[in-house]
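Beneath this line is the structure, given in C-alpha cells, with notes to follow.
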C-alpha cells in the first residue's frame with residue numbers, strides 16, 4: 001500500500017528535486033564516480049522508458065484486436081490479456097489514476113464492440129445495424145472515470161423515438177446477455193435487468209423526474225452527477241446529458257440535499273473513537289475491516305455531493321477535489337489530504353482486485369507503516385464528512401457524534 005503523503009508534488013517539482021539531489025550528491029564525488037552515477041541513472045531511465053513504451057504498445061494491440069474481433073468467443077482471451085497487462089502495470093507503478101485510465105479506455109472500447117455484436121445478432125433477424133441512432137451512457141465507476149477490474153456501473157440506452165421501443169427492448173436484452181456472459185455486470189443486476197436501463201428520450205426525461213422524487217433525492221444525485229456519454233450517436237448522447245443536468249440542477253436549486261447530506265455524514269467509517277481501526281464484531285468477517293465500504297465509499301459520496309451542490313461538471317473524485325479547491329470550498333491542505341486519502345483507499349481496492357481477495361481483511365496482518373497510513377486516510381474521510389455537515393447542516397452534530 002502506498003504511504004499517505006503529507007504533500008502532493010507535481011511532475012515539475014519531482015524533476016527539480018531529482019536534479020537537486022543529483023547535484024548535491026555529485027559535490028561529494030570524484031569526476032569518475034559522478035560519471036558512473038549518471039550512467040547508472042541513464043540506464044535506469046532507459047529501462048523505465050522501455051517499460052512505458054512496451055505497456056503502451058501492448059495496450060494498443062489489445063484495443064486493435066478487440067475492434068477487429070469477428071466473434072464473441074474472441075473476447076475472453078482479450079479480457080484476460082488486458083487484466084494481466086493492467087495488473088502488471090499497477091504492480092510496477094502503483095498508480096491508481098494510471099490503472100483507472102487503462103480500465104476506463106478498455107471498458108469503453110469493450111462496450112462499443114459489444115454494442116456492435118448485439119446489432120449483428122441472429123435474434124434481430126441479421127439486420128446488421130439499428131434502425132435508428134442511439135446512445136449509451138454510464139454512471140458509477142465508468143461514469144466518474146474510476147473504472148477498475150470489477151463492475152460498479154449502470155448503463156443507460158437511449159434513443160429518440162418511442163415507436164422503436166420493440167426493437168431496442170430486444171437489442172437491450174442482447175447487450176445484457178453478452179455483458180452477463182463475460183462477467184461485465186453483477187449477477188443480481190443481470191437477473192433483475194437493473195444494469196441496462198433503456199428508453200426513448202421522452203421516457204428518459206420521465207425517468208429522471210421520478211428519480212428526483214426519491215427520498216433524499218439520492219437516486220438523481222448518485223446517477224446524474226456521475227453520468228457520462230460513452231458511445232453511440234453523439235447528438236442523442238448530449239441531449240440525454242442535457243436533460244440529466246437540468247434534472248440535477250432542479251434538485252439542487254430547491255435545497256433538497258440536506259437529507260442526503262445527513263445520510264452521508266452518518267455513513268460509518270472504519271475508525272474507532274480512539275483512532276484504532278474498527279473491525280466487525282461478529283459474523284463471517286469478525287475481526288476484519290472493509291476500508292472500501294467504510295472509507296472509500298463515504299469519501300466518494302461526500303465529494304460527489306459537494307460537487308453537485310456547486311454545479312461542477314461530471315468528473316473523477318480527484319478532479320472534483322481539485323475543482324472544489326479552486327472554488328475555495330476546500331482549503332489547499334484539505335484538498336491534498338483528501339486526495340492522498342483517496343489514493344490510499346483506492347489503491348487498497350485495486351490491490352485486492354488484482355489478488356482476487358475479499359474486501360474484508362485482518363488489519364493486524366498489515367505492516368505497521370501501512371496500518372498507520374490507512375488510519376490517516378480514514379481520519380481524512382471523517383474530516384471530509386465534517387465539511388459536508390458544515391456545508392449542508394450548519395454546526396448541527398450528527399446522532400453518531402452525540403452518542
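Within the set 133, 215, the sole residue that is at pLDDT 90 or above and not assigned by TED's automatic domain parsing to the domain that holds residue 346 turns out to be 133. Only one of the numbered conditions (1) crowded, with 21+ Cβ neighbours inside 10 Å; (2) free of Cβ contacts under 8 Å to residues at least 24 places away in the same chain is not met by residue 257, and that is (2).
Taking residue 99, is it at pLDDT below 95, assigned to a helix (DSSP H, G or I) and surrounded by 14 or more Cβ atoms within 10 Å (Cβ to Cβ)?
no
For segment 313-330, the criterion of being touching a residue at least 24 places away in the same chain (Cβ under 8 Å), surrounded by fewer than 18 Cβ atoms within 10 Å (Cβ to Cβ) and over 30 Å from residue 243 (Cβ atoms) is satisfied by no residue at all.
For segment 235-249, the criterion of being in a loop (DSSP other than H, G, I, E, B) and buried (at least 16 other Cβ atoms within 10 Å of the Cβ) is met by none of the residues.
What do you reckon, is residue 324 at pLDDT 95 or above, assigned to a loop (DSSP other than H, G, I, E, B) and at negative phi?
no
Quick check, is residue 127 surrounded by fewer than 22 Cβ atoms within 10 Å (Cβ to Cβ), within 28 Å of the chain's Cα centre (by Cα), at pLDDT below 95 and more than 21 Å from residue 347 (Cα to Cα)? No. Within the set 53, 65, 70, 83, the sole residue that is assigned to a loop (DSSP other than H, G, I, E, B) and surrounded by fewer than 18 Cβ atoms within 10 Å (Cβ to Cβ) turns out to be 70.
Selection of segment 138-175 for residues being closer than 20 Å to residue 235 by Cβ, in contact with a helix residue (DSSP H, G or I) (Cβ under 7 Å, 6 or more places away or on another chain) and part of a helix (DSSP H, G or I) yields 162, 171.
The values are calculated or read from the model by the stated rules, or taken from the named source; none is laboratory data. None of the values given here were measured: they were computed from a predicted structure. Backbone-built Cβ (ideal geometry, glycine too); neighbour counts: all protein chains shown.
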